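To start, the structure under review is shown below, and the notes come after it.
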Amino acid sequence: MERLVERLEKAVERLETVCQGPGMCGEGSSKGVAQYVQAFDALLSGPVAEYIKISKEVGGDVQKHAEMVHAGLMSERALLVVASQHQQPAENAFSALLKPISEQIQVVQNFREKNRGSKMFNHLSAVSESIPALGWVAMAPKPGPYVKEMTDAAMFYTNRILKEYKDVDKKQVDWVKAYLSIWTELQAYIKEYHTTGLTWSKTGPVATEGAKAAPAAPAGVAPPPPGPPPPPAPMSSSTDDSASRSALFAQINRGEGITSGLRHVSDDMKTHKNPALKNQGGPVRSGPKPFTAPKPACNANPSQTTSPKAPPLLELEGKKWRVENQENATNLVISDTELKQVAYVFKCTNSTLQIKGKINSITLDNCKKMGLVFDDVVGIVEIINSRDVKVQVMGKVPTISINKTDGCHVYLSQSSLDCEIVSAKSSEMNVLIPTDGGDFTEFPVPEQFKTVWNGQKLVTTVTEIAG
């Protein structure tokens, strides 16, 4: 990692040296590499290098994640070089060229899924939620807004980091600024060079599946070093949300070009206008099947339709209680708990889990019709990518997070009324407050907001939910 940072710093120095003379930047220095590739190199040498540097200082999972992000950016640079030297290819060839980027996006997201117990989980989540922004190369005609949308997806977690470390660790705050600046600068870069989509060369050969960038580097400028090799194969237990997002990216936003791969069928090729064709053996059509999109370049969970159903699991692995793939299990109980332990509940359906004692945190991920009853949690209870979930607090919990969830009822106890409930991208949420008579009073969590400009700043207020 140290060598990587050193090489990036040297690249910055060489760029500065080259640009000192008149006419050396811009058009004057684009003999070996296109101008927009040089601009991307500047992004790598600037915001990306700063992000990698600070990630190295933070260390641990954050540093490893940064190496994976850098590998994805280097895959994107390779595609930009190919585009600068080739004409736009057919859809199937383009999908093959996108495959390295798609695979690296999946690697980044799977790393988050494998490390849900990490102390830096908010950092990993911020990166994982926004890394699909690398797919802007396939998002015509509005790649810039697509990057903005992916950046906004990271804000939920970067705001958590800022709240936690604002007055504690300035390095964490700098990390947030450095990471977000990558996508801010990328939006400006896209606006200048690829406003309506990836810009391809008007000359040169048509790009093919095996097209590679020319090895020569521009005079006086050292290209950024290649990224590290990808980590081991992704886990098969990645979330449905991550899988669908990567598959969507891989199939490409085709727009009006969806019919470009279809053959024109003349009258003499139509059986209803040429009956003699009906008597011929074999298939009439020799071209591709109409309306058949190319296979996704990055098929998350390719064995999902063929692999056997995962077995139910309830076990303690280190400090993590794993409750996975439970169906119609109404008597799940975890009783032998310790303060340092966490619970991770994944893909459980129509089941109920009771956790006794005091533990560090609880995460419900991809659960449906799930009931959770627990005594005390000292950290956070997080509900993500779930549906029809009921959570009952018997003791105390400081924070409950509801993210990408439809249908969530939270029953608070008298001692947990000061609990902070944070929600994002969710609907049908209700908090039930206990009454003196032992019943509960239900209060809906607002889902709609009204924002107005008061002359100095934006003011946001809750729009009352009817009924």
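The values are calculated or read from the model by the stated rules, or taken from the named source; none is laboratory data. Because the structure is a prediction, the values reported are computed rather than measured. Don't worry about glycine lacking a Cβ; one is built from the backbone with ideal geometry, like all the others, and counts go over all protein chains shown. For the accessible areas, the whole protein counts, side chains as well, though only heavy atoms, and no ligand, DNA or RNA atoms are used. Shrake-Rupley method; radii C 1.70, N 1.55, O 1.52, S 1.80 Å.
For the range 114-139, a tally of residues being crowded, with 19+ Cβ neighbours inside 10 Å and more than 19 Å from residue 58 (Cα to Cα) returns 11. Being free of Cβ contacts under 8 Å to residues at least 60 places away in the same chain and either surrounded by fewer than 21 Cβ atoms within 10 Å (Cβ to Cβ) or not assigned by the TED database to the domain that holds residue 428 (or both) is a property that residue 324 lacks. Each residue in the range 140-175 was checked for being crowded, with 20+ Cβ neighbours inside 10 Å and not in a helix (DSSP H, G or I), and 0 pass. Taking the listed residues 45, 29, the one that is of a type in the set (Gly, Ala, Ser), at pLDDT below 60 and open to solvent by less than 30 Å² (accessible area, probe 1.4 Å) is 29, with no other qualifying.
Among the residues of the range 76-92, is any within 25 Å of residue 153 (Cα to Cα), of a type in the set (Asp, Glu) and part of a helix (DSSP H, G or I)? Looking through the range 76-92, at least one residue is within 25 Å of residue 153 (Cα to Cα), of a type in the set (Asp, Glu) and part of a helix (DSSP H, G or I). Selection of the range 374-431 for residues being outside any strand (DSSP E or B), over 16 Å from residue 353 (Cα atoms), open to solvent by 30 Å² or more (accessible area, probe 1.4 Å) and of a type outside the set (D, E, K, R) yields 378, 385, 398, 414, 415, 417. Being at pLDDT 90 or above and out of contact with any strand residue (DSSP E or B) (no Cβ under 7 Å at 6 or more places or on another chain) is the filter here, so list the residues in the range 313-329 that pass it. Within the range 313-329, just 316 meets the criteria. When residue 449 is tested against (1) of a type outside the set (Lys, Arg); (2) out of contact with any strand residue (DSSP E or B) (no Cβ under 6 Å at 6 or more places or on another chain); (3) more than 20 Å from residue 345 (Cα to Cα), only condition (2) is not met. Kindly list the number of the only condition in (1) within 30 Å of residue 321 (Cα to Cα); (2) in a helix (DSSP H, G or I); (3) in contact with a strand residue (DSSP E or B) (Cβ under 8 Å, 6 or more places away or on another chain) that fails for residue 122. The failed condition is (3).
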